[in-house]
Structures are given as C-alpha cells and as structure tokens.
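What follows is a short report on a single structure.
The values are calculated or read from the model by the stated rules, or taken from the named source; none is laboratory data. Just so it is clear, the model here is predicted, and its values are computed rather than measured. A quick note on method: Cβ atoms are made from the backbone with ideal geometry, for glycine too, and the neighbour counts reach across all protein chains shown. For accessibility, only protein heavy atoms count, side chains too; no ligands or nucleic acids. Shrake-Rupley method; radii C 1.70, N 1.55, O 1.52, S 1.80 Å.
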Amino acid sequence: MWLPVAGLPPRLTLTAFTGAGRSCILGSGAARRKDVLARNRRGLSDFHPQLLPNLGFGDSPSWVSKCRLEPRRYITSPRLAETLVRVLRENREKTCQLFLECNPGPGILTQALLETGARVIALESDRTFIPHLESLGKNLNGKLEVVHCDFFKLDPTDYGTVKPPIMISKMLFQNLGIQALPWSKGIPLKVMGIFPIKNERRTLWKLLHDLYSCTSIYRYGRIELNMFISEKQYQKLMANPKNPNLYQALSVLWQVACEIKLLHMEPWSSFDIYTQNGQLEKPKSRESLEEIQQNLCLVQLTPRRNLFTDNLTPVNYDVFFHMLKQCFMKRNAKLIDHLHSLSPVDAMDILKKTKKKEKMKITNLYPRDFKQLFETIECSKDYTCKWLYDDFMDDRIV
C-alpha cells in the first residue's frame, strides 16, 4: 500500500524512494535510451536512486514577491452569485460547509455563500478589496475569514523569503485551523474561484502535480475545486478519442484523477475585469468579438477515492506523467512503437495483458486505458528496469 510522502520538497520524493519492486524509475535511476545498449551489457541493476540535496528554507535562494497584479475577472452580478450558490448547494456534500474563495474581489459571491450558512475563507490578492470583505464578516461569529493571499501562487517552486500575497499552504492552513482528512474519507473543503485570464494551462499543470504528489492543498485530502475556466480549455480537459484534435496528456491526467462535472456556463460578458488597485477595466477595442462572446465554464473537479493503487502512487506519479507526455508528443504513432520506446518490458506481453491490438494508435486509448497500461508495466516482475526516458522531456509541458 502507498502512503503520502511528507517532509520532503514535492519534487524530490521520487529521488528519495523507489518503492517495492522499483529499482529503476524516472528521476531516480531510469535508463536514458541512449545509454540502454551499454548498460544492458552489465545489467540495469547498476542504477541506484540517490537522494538530492535538501533544498530547505535556509538553502533556497531568497524569493521576495514583486506582486504586480494582473487584470482579473470578478463576479459582480448578484443574479449570477445567486445562480452559483444554488448550483453549488445542489452538488454540495452535507458534511462540507467550508469554502475557500479565491480572489472574491467585491465580495458579491462571498455574501451569497455566507447567507447559506457556509463558512467562507476569502483569499484576496488585492489589498484594495480587503477592508470591504472584512466588513462583510461583522457579527457573523467567525463565519468569514479574510486573508491577503493569492491562491494561484501558493507554494512557489523556488521559495525562500515569502511574503503576502505569496504564501505556503501548510502555514496558511495551520493558521486557519484546517485539519487534514485521509484520502479515503470525505471532502475537507471546497475551493471556489476563477482561473487567471493568462496561464490557465500552466495553472492546471501545477495543480496536477500537487494532486498526484499529495502536496500543497492536497496534503489535506481530496480538496474539491469549483473553478471557472474558458470554454476552450474545458473542451480540452474533457477530450477523448472521439475528438482527437483536442485530446492530450492534460486531458488524460485530469480525467484519471478526478470526477469532472460541468456545473454552469456563463457568457464572458457577465464578469467584470478589474486591474491594479481595484480599478474597473473598460473593454478594449482590440478585443476580438470571438473572445468577448465565448463562455466561461464552472467546472467541479473532485479527486477520486481510488486514484492511487499499489502501482500508481504519490511516489511514482512522475513516471506516469512522463509516459503520457512522451506518448502525445508522437500522437499518430502506434501503441506498439511507443511501448518499445517507453519500456524494456516485453511489448507483446503488455498488449496481451491489456487486451490491446498491436496496430492501435495512441489517440485511440481512453484515459482509463493509459492508467491500465502504466500499472501493467509497473507490476512486471521480471525486469529490474521498467522505464526508459529522454532528457528533453523532463520539464516539457504538452
């Protein structure tokens, strides 16, 4: 059985542990393809995991936030806020009454949530809105807490000296008194917000790494996200072999990790955009008609209880990520060709165990098929090294 890894920086867990039966995994001792022939002459058991230097607070470079607030979308319509509260209540677990709202701005949705009796933690990155948000919590007996914090910049990779609105989630949650729940239990809290106008894709990748490694907010359990994202990005998130042009590694990883529901769609024009210091931004003439007319989708992302198994864990998830990135870099290739380049394990044996055809293309596999493929290779018993990888794929986002 797997256990969440604690006490190590999130990107070092793979180099510290290999897990039973994994003498060779990505990031600790996986074979680079260019070295395989030479290594095979003396056996791949020569590879051993090495613990990288611990990059703690004292050793990391000083990183002080230069917070330049980007334009953000805000909910300013009471009608929209009432609609969202109704949708959220229909889908809310009765045991979870705690909402973490990201950048609530003028607090229209905040007030609507409070009126339902929910407890709300408002994480606001713009100081201009904080006095008004704090005034909403008067005489509510602690139902509302306001923190100067940017949810989308929690737990920076190169943290050193950190100051608000940049924060470390562990310290934030401790100060708020939020307790962790086991992965098999319920939802400890629900996050509500709107993805940044820019870098939606990068934010989705960052959250994926946190989810699969059980770090950052997911250290506290199966945190549920209720986020507005662009319609185009939602279509990519839900893509599968039926729409291959949109299908990608990001689609597979989110669908494997979470139950995904579309709760609501709202025109882009329903949201106001504020710039620095809470100033309302006027529409620009250069904005295309297509951008203004597109919808934002409120998407609920609930981590699956059965995401982790004996063969897919918070320790080896990076290998799964790498497998998918490599597959979708050559999306028109046949599965058999990918198997030869991904692993020294007998490709025909893998096909037999997964009941897949030799000529099947990689884009014909559904997300559950990719997970099955990964676990089948991981549980192969007769191979010391199970994975091959290319250096250039390590930090690539596809």
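Within the set Gly142, Gly137, the sole residue that is more than 28 Å from Ile197 (Cα to Cα) and surrounded by 15 or more Cβ atoms within 10 Å (Cβ to Cβ) turns out to be Gly137. Exactly one residue out of Val252, Val299 is within 21 Å of Asn364 (Cα to Cα) and modelled with pLDDT of 95 or more, and it is Val252. Looking across the range 231-266, the residues that are open to solvent by 40 Å² or more (accessible area, probe 1.4 Å), touching a Lys or Arg at 6+ places or on another chain (Cβ under 8 Å) and over 21 Å from Leu88 (Cα atoms) come down to Pro244, Leu246. One residue stands out among those in the range 198-232 that are of a type in the set (D, E, K, R) and within 19 Å of Val252 (Cβ to Cβ): the one that is farthest from the chain's Cα centre (by Cα), which is Lys232.
Among the residues making up the range 270-295, those that are at pLDDT 70 or above and either under 19 Å from Trp183 (Cα atoms) or in contact with a helix residue (DSSP H, G or I) (Cβ under 6 Å, 6 or more places away or on another chain) (or both) are Ser270, Gln294, Asn295.
Check the range 234-241 and report whether any residue there is over 19 Å from the mean Cα position of the chain (by Cα), under 22 Å from Leu253 (Cβ atoms) and free of Cβ contacts under 8 Å to residues at least 60 places away in the same chain. Walk me through how you get there before you give the answer.
Initially, the range 234-241 is screened for residues over 19 Å from the mean Cα position of the chain (by Cα), giving 241.
From what is left, the residues that are under 22 Å from Leu253 (Cβ atoms) are 241.
After this cut, where a residue has to be free of Cβ contacts under 8 Å to residues at least 60 places away in the same chain as well, the list is none.
Checked the range 234-241: no residue is over 19 Å from the mean Cα position of the chain (by Cα), under 22 Å from Leu253 (Cβ atoms) and free of Cβ contacts under 8 Å to residues at least 60 places away in the same chain.
Residue check: is Met227 open to solvent by 20 Å² or more (accessible area, probe 1.4 Å) and hydrophobic (A, V, I, L, M, F, W, C)? No, not satisfied. For the range 206-218, check the following and say yes or no: at least one residue is open to solvent by 10 Å² or more (accessible area, probe 1.4 Å), in the same structural domain as Ala81 (by the TED database), touching a Phe, Trp or Tyr at 6+ places or on another chain (Cβ under 8 Å) and of a type in the set (Gly, Ala, Ser). No, that holds for no residue.
One line per residue, one yes/no per condition, for (1) open to solvent by less than 10 Å² (accessible area, probe 1.4 Å); (2) part of a helix (DSSP H, G or I); (3) not assigned by the TED database to the domain that holds Leu207:
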{"site": "Leu324", "(1), (2), (3)": "yes, yes, yes"}
{"site": "Arg331", "(1), (2), (3)": "no, no, yes"}
{"site": "Leu339", "(1), (2), (3)": "yes, yes, yes"}
{"site": "Pro344", "(1), (2), (3)": "no, no, yes"}
{"site": "Met348", "(1), (2), (3)": "no, yes, yes"}
{"site": "Lys352", "(1), (2), (3)": "no, yes, yes"}
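Within the range 156-166, none of the residues are within 22 Å of Leu80 (Cβ to Cβ) and in contact (Cβ under 8 Å) with a residue 12 or more places away in the chain.
Mind listing whichever residues of the range 224-258 are farther than 21 Å from Leu312 by Cβ and small (Gly, Ala, Ser)? Those that are farther than 21 Å from Leu312 by Cβ and small (Gly, Ala, Ser): Ser230, Ala239.
Pull up the range 180-205, narrow it to residues that are of a type in the set (Phe, Trp, Tyr) and under 28 Å from Arg72 (Cα atoms), then point me to the one that is surrounded by the fewest Cβ atoms within 10 Å (Cβ to Cβ). Explain how you work it out, then say what you get.
Taking the range 180-205 and keeping what is of a type in the set (Phe, Trp, Tyr), we get 183, 195, 205.
Among the residues that remain, those that are also under 28 Å from Arg72 (Cα atoms) are: 195, 205.
On the way: Phe195: 23, Trp205: 17.
Checked the range 180-205; the qualifying residue surrounded by the fewest Cβ atoms within 10 Å (Cβ to Cβ) is Trp205.
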